Every structure is written in structure tokens, then in C-alpha cells.
1. Mind checking which pairs have a first residue in the range 277-305 that is at positive phi and a second that is in a strand (DSSP E or B), Cβ under 7 Å, 6 or more apart or different chains?
2. Out of (1) under 28 Å from P330 (Cα atoms); (2) small (G, A, S); (3) assigned to a loop (DSSP other than H, G, I, E, B), the odd one out for S136 is which?
3. Quick one: which of I170, I220 is closer than 15 Å to Y150 by Cα and open to solvent by less than 10 Å² (accessible area, probe 1.4 Å)?
4. Here is a list of conditions, (1) part of a helix (DSSP H, G or I); (2) of a type in the set (S, T, Y); (3) open to solvent by 30 Å² or more (accessible area, probe 1.4 Å), and Y78 meets all of them except one; can you say which number that is?
5. Kindly check whether there is at least one residue in the range 159-167 that is outside any strand (DSSP E or B), surrounded by 20 or more Cβ atoms within 10 Å (Cβ to Cβ) and among the aliphatic types (A, V, I, L, M).
6. Given (1) touching a strand residue (DSSP E or B) at 6+ places or on another chain (Cβ under 7 Å); (2) at pLDDT below 95; (3) part of a loop (DSSP other than H, G, I, E, B), identify the lone condition not met by V41.
7. If you go through the range 95-115 one residue at a time, how many are buried (at least 20 other Cβ atoms within 10 Å of the Cβ) and not acidic (D, E)?
Amino acid sequence: MNAGNRGFIRHAFSFFPANRFPVIGAIIVALSLAGCEKTDVYTMDPETNFEALWRIIDEHYCFFEYKNVDWDEVHAKYGRQVSDTLDKYELFDLLGDMLSELKDGHTNLISSFDVARYWDWYENYPRNFNENIHNSYLGTDYKITGGAKYRRLAGDRIGYMYYGSFSSSISDSGLNEMFMYFKDCKGMIIDVRENGGGSLSYSERIASRFLDEDIVAGYIMHKTGPGHSDFSPLYPIELKPSQYTRWLRPVVVLTNRHSYSATNDFVNKMRYLPQVVVMGDRTGGGSGLPFNSELPNGWRVRFSASPMLDVEKICTEDGIEPDVRVIMQPDDIDKGRDTLIETAIDLLLKN
């Protein structure tokens, strides 16, 4: 790798709540970019772009040791396939294959014609969700607040909220209205199956409605240098009770393998609360905060840069096990029943 190739690195942060961690954010920017010579030289040269991508990941990706990935070996494997004869599509596929060695759903190569992605973290698992059956529980008269759909089930005794994406906004006033609608319910189901993530701000906003005191919900650390083990100390992630309407009655959170990223964060926060039971399948994980950079040809790369750990300081990159494991049953599917929703209703009514 020549010095010119090494010099082309542009970085930008995404999905990082800077207002929550202003000091940490400043530390990350300073340490991550320190010593990175930057240039705006544009080139489509395959070798230059290969080396730039490999080095960006080498210096900034956060899960090499956790996933036991030999990145030098990956360089040797894919580097020998690089040649001047590769067109842009062949180069894109090659670089995408190299990134797939990380087995990380947060790692993508993004061009104007395609997005390289790794989806095996959920595709090879039971889905535990059926749209048609789920729609039959919501019906057509459900209420909507932001990205959440909600209604009362089981003879108005159980509140049910489906939140399909943490990229969809949800307001404090909307949550207040929903809790008021559920005021006579014995318990509440929060269904985050198929929720692939989004904003950590919404994860915090919803989770704070179920607290009665401050808690430490986990920890975060950041890369402080180019070495694979160069990390900052652990910083606690604190969660405070909302100043608005709060719900301290029993709650069941429904999960499946496609509950990922910000949803994984939400489940991690909720599982420490005494009135909450997590039910369903293991979440998909995705506990590394994403980071963005750019290649000499203008393609963007997104990857995990800051690991988030749980209260026991254990990485949740591979997902979170439910308190109660429930799988969709074929007999229930044949009858148009959602096994997870029905089991959650039974549990809440018994409590």
C-alpha cells in the first residue's frame, strides 16, 4: 500500500446522539481522525480503492477481536483478486464480498448503483412473524401515533403497541395519548418484531416511560487509535425516567431475529426493568454504533465503530436472548393465531 493510497480517507459519524455525549463525541473525532492525512484526489483505480477500504476498516472497525476475524488474511485473500481489468461492477462485488467476512449487518458499501449488505444474521433463522396474521390482530380501526400502531386486545384488558421502525418518529405527546388510551388495561404488549432499527433517541424516549428511577442501561467505548484493541475506557449509558406519563404495570416486549440495531438497544434497556418480560426469539444484535467513510471513487462505506455493552459489560452484537422463548407454532398459523401475542396476553392476564 503506497502512501498516496493510504492518505485518502474521509470520515463522518452517523446515528450518534452527539447532544447526549458531547465530550465523548469530541474525543472520538479527535482520536479517530488524528494522523489521518486527507486528500480529495479522485480515482477509479481498483487497487487504490481496495487498499483504501481495507485500511479504513483495519483502523476503525470495532469487532475484529470479538468476531475473531484475521483482517490481514482477508487482505491476502481478496488482494490477489484485484487487477486493472476489473470494471466498477466487478470491483464493487469484490469489495462487498470482502466486507461480508465481518458478518456485520451494520457494514455496507454504498454506490450509486447498489448497496452491498450482509443479511445472514436474520435470514437463516425462523421468522416468527406473519404479516397477514399480525394484521388480523390490528384490524382496521387501530390508532396511530407517529410510527406506532396501537389498540386494545383481549376485551380491552391488554394494550398492544406495534412499532415497526425506530426510524419512524414518535412524540412525547403521542405516547401520552397512547398511555391514556390504555389507562384501564392490566398490562401492555410492545411488539418490535421486524424492527430493523433506526434512531437511538426514540429507543431512549420510549424506554424512559417505564422507569421509576435512574438506571445504568449499559456501556459504550470508542476506538482511540488504529490498533484493533485501541479502545477508550467504558462509559456508562444512563437512562432517566421521563417527565411525562409513565407506565409501571406489567409489560411484555415481543422480539424476533429481525429486531436489530436500535431495537436491540431498546430491548437491552427494557429487560432490566422489573415489570418487563422479553418474549419471543433472540434479537438480531447490531450493537456497534455505525461510522461512515468514503473511498477515492466516491463510494461510501458504513461499519461498526463503537461497541455498546450491556450492564454486565457483555457485548450484545450477536443478539439478546428473551426471558421467555416462544416460537410461532404451525398449528397456530393454520388457525390464524399469533403464538407470541397469545402467549403474551395469557401471561399478562395471569399476572
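1. G280/L254; G280/T255; G285/Y260; G286/Y260
2. Only one criterion is unmet by S136, namely (3).
3. Values: I220 fails: closer than 15 Å to Y150 by Cα.
Residue meeting the stated conditions: I170.
4. Of everything listed in (1) part of a helix (DSSP H, G or I); (2) of a type in the set (S, T, Y); (3) open to solvent by 30 Å² or more (accessible area, probe 1.4 Å), Y78 misses just condition (3).
5. Step one: list which residues in the range 159-167 are outside any strand (DSSP E or B), which gives 164-165, 167.
Remaining after also requiring surrounded by 20 or more Cβ atoms within 10 Å (Cβ to Cβ): none.
Checked against the condition, which is being outside any strand (DSSP E or B), surrounded by 20 or more Cβ atoms within 10 Å (Cβ to Cβ) and among the aliphatic types (A, V, I, L, M), the range 159-167 yields no hits at all.
6. Here V41 meets the rest and fails (1).
7. Initially, the range 95-115 is screened for residues buried (at least 20 other Cβ atoms within 10 Å of the Cβ), giving 95, 98-99, 102, 104-107, 109.
Remaining after also requiring not acidic (D, E): 95, 98-99, 102, 105-107, 109.
Matching residues across the range 95-115 total 8.
Every residue, every condition in (1) modelled with pLDDT of 95 or more; (2) within 29 Å of P226 (Cα to Cα); (3) more than 22 Å from the chain's Cα centre (by Cα), yes or no:
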{"site": "Y244", "(1), (2), (3)": "yes, no, yes"}
{"site": "D265", "(1), (2), (3)": "yes, yes, no"}
{"site": "V277", "(1), (2), (3)": "yes, no, no"}
{"site": "G336", "(1), (2), (3)": "yes, no, yes"}
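The values are calculated or read from the model by the stated rules, or taken from the named source; none is laboratory data. These numbers were taken from a predicted model, which means no experiment stands behind them. Neighbour counts are summed over all protein chains in view; Cβ atoms, including those assigned to glycine, are modelled from backbone coordinates with ideal geometry. Heads up: the accessible areas ignore ligands, DNA and RNA and are worked out on the full protein's heavy atoms, side chains in. Shrake-Rupley method; radii C 1.70, N 1.55, O 1.52, S 1.80 Å.
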